[in-house]
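Single-structure report; data block below.
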Amino acid sequence: MTSTQTTRKIASFSLALVMSAASVAAMADVMVGGAPMLASKDIIDNAVNSKDHTTLVAAVKAAGLVDTLKSPGPFTVFAPTNAAFDALPAGTVDTLLKPENKPALTNILTYHVVAGKWDAAALSKMIKDGKGMASIKTVSGGTLVAKSNGSKIMLSDEKGGMATVTIADVYQSNGVIHVIDKVLLPK
């Protein structure tokens, strides 16, 4: 009888150990833009290392949002790549980076930020609970609509634009980043 109880305890302990290891692996560092995104660093400290997000980082600095995105949060950031910014009409980024356009730039950037830590599993659950779509309120006060397309999460903005999450669940010390392939635009 004692050996059966001991075997069960060992089996339970082993299962707990395996599940803990799986949880840590699920939050392992992800490569974005050729750099490891360390879960121990904040959103800004990781983003500055991604060669795919230099335009986003420059825009965040120009808008004066660095301190906000370094704060405890948590935040969910839908981070457009340089290619996403390059797809905007010619001159758009340069115009937005001018000091006189800081309010418009801030509005666009905060439209990509959601309060709270919403990983892909949480977003997928919201979509499922919403019978195929979920409305997400952004820090700017606007709304994004999330839908699933196979295993991918798609976001539509208030102007009808669509972005795809290309890299999900890039965990940060103060939230999570989802890399997207388009810049989302508010009304």
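The values are calculated or read from the model by the stated rules, or taken from the named source; none is laboratory data. In this text, all values refer to a predicted model and were calculated from it rather than measured experimentally. Positions of Cβ are generated from backbone atoms using ideal geometry, with glycine treated the same way; all protein chains shown enter the neighbour counts. When the accessible area is computed, the model is the full protein with side chains, heavy atoms only, and any ligands, DNA or RNA have been set aside. Shrake-Rupley method; radii C 1.70, N 1.55, O 1.52, S 1.80 Å.
Name every residue in the range 68-91 that is over 17 Å from K137 (Cα atoms) and among the aliphatic types (A, V, I, L, M), in order of residue number.
L69, A83, A84, A87, L88, A90
Among the listed residues T106, T55, identify the single one that is in contact with a Gly (Cβ under 8 Å, 6 or more places away or on another chain) and in a helix (DSSP H, G or I). Steps first, please.
Working: T55 fails: in contact with a Gly (Cβ under 8 Å, 6 or more places away or on another chain).
Going through T106, T55 in turn, just one is in contact with a Gly (Cβ under 8 Å, 6 or more places away or on another chain) and in a helix (DSSP H, G or I): T106.
In the range 132-179, how many residues are in contact with a Pro (Cβ under 7 Å, 6 or more places away or on another chain) and farther than 14 Å from V114 by Cα?
1
Quick one: in the range 23-41, of everything that is modelled with pLDDT under 70 and more than 14 Å from the chain's Cα centre (by Cα), which residue is nearest to A121 (Cα to Cα)? Spell out how you get there, then give the answer.
First, pick out the residues of the range 23-41 that are modelled with pLDDT under 70: 23-28.
When the remaining residues are screened for being more than 14 Å from the chain's Cα centre (by Cα), the result is 23-26, 28.
Working: S23: 14, V24: 16, A25: 16, A26: 12, A28: 16 Å.
It comes out as A26.
Working carefully through the options L155, L184, L144, L123, find the one that is closer than 19 Å to T54 by Cα and modelled with pLDDT of 95 or more.
Checking each option against the conditions leaves just L184.
Could you give every pair whose Cβ atoms fall below 6 Å, whose first residue belongs to the range 115-130 and is surrounded by 13 or more Cβ atoms within 10 Å (Cβ to Cβ), and whose second residue is acidic (D, E), counting only separations of at least 6 or pairs across chains?
Every condition considered, the pairs that remain are D119/D169; A120/D169.
Could you check the range 93-114 and list, in sequence order, the residues that are open to solvent by 30 Å² or more (accessible area, probe 1.4 Å) and touching a strand residue (DSSP E or B) at 6+ places or on another chain (Cβ under 7 Å)?
None - no residue of the range 93-114 is open to solvent by 30 Å² or more (accessible area, probe 1.4 Å) and touching a strand residue (DSSP E or B) at 6+ places or on another chain (Cβ under 7 Å), so the list stays empty.
Take the residues in the range 139-165 that are in contact with a strand residue (DSSP E or B) (Cβ under 6 Å, 6 or more places away or on another chain) and in contact (Cβ under 8 Å) with a residue 24 or more places away in the chain; name whichever of them is most open to solvent (accessible area, probe 1.4 Å).
Going through the qualifying residues, I end up with V139.
In the range 129-161, which residues are part of a strand (DSSP E or B) and β-branched (V, I, T)?
I136, T143, V145, I153
Inside the range 58-78, can you point out the residues that are out of contact with any Gly (no Cβ under 7 Å at 6 or more places or on another chain), within 18 Å of V114 (Cβ to Cβ) and at pLDDT below 95?
Filtering the range 58-78 for residues out of contact with any Gly (no Cβ under 7 Å at 6 or more places or on another chain) gives 58-72, 78.
Okay, now just the ones that are also within 18 Å of V114 (Cβ to Cβ), so 59-60, 63, 65, 68-72, 78.
Within the range 58-78, A59, V60, A63, L65, T68, L69, K70, S71, P72 qualify.
So, A63, is that one within 14 Å of the chain's Cα centre (by Cα) and crowded, with 16+ Cβ neighbours inside 10 Å or not?
Considered against the rule, which asks whether it is within 14 Å of the chain's Cα centre (by Cα) and crowded, with 16+ Cβ neighbours inside 10 Å, A63 comes out as no.
Determine which member of the set A79, A84, A90 is outside any helix (DSSP H, G or I) and open to solvent by less than 50 Å² (accessible area, probe 1.4 Å). Break it down stepwise before answering.
On the way: A84 fails: outside any helix (DSSP H, G or I); A90 fails: open to solvent by less than 50 Å² (accessible area, probe 1.4 Å).
Residue meeting the stated conditions: A79.
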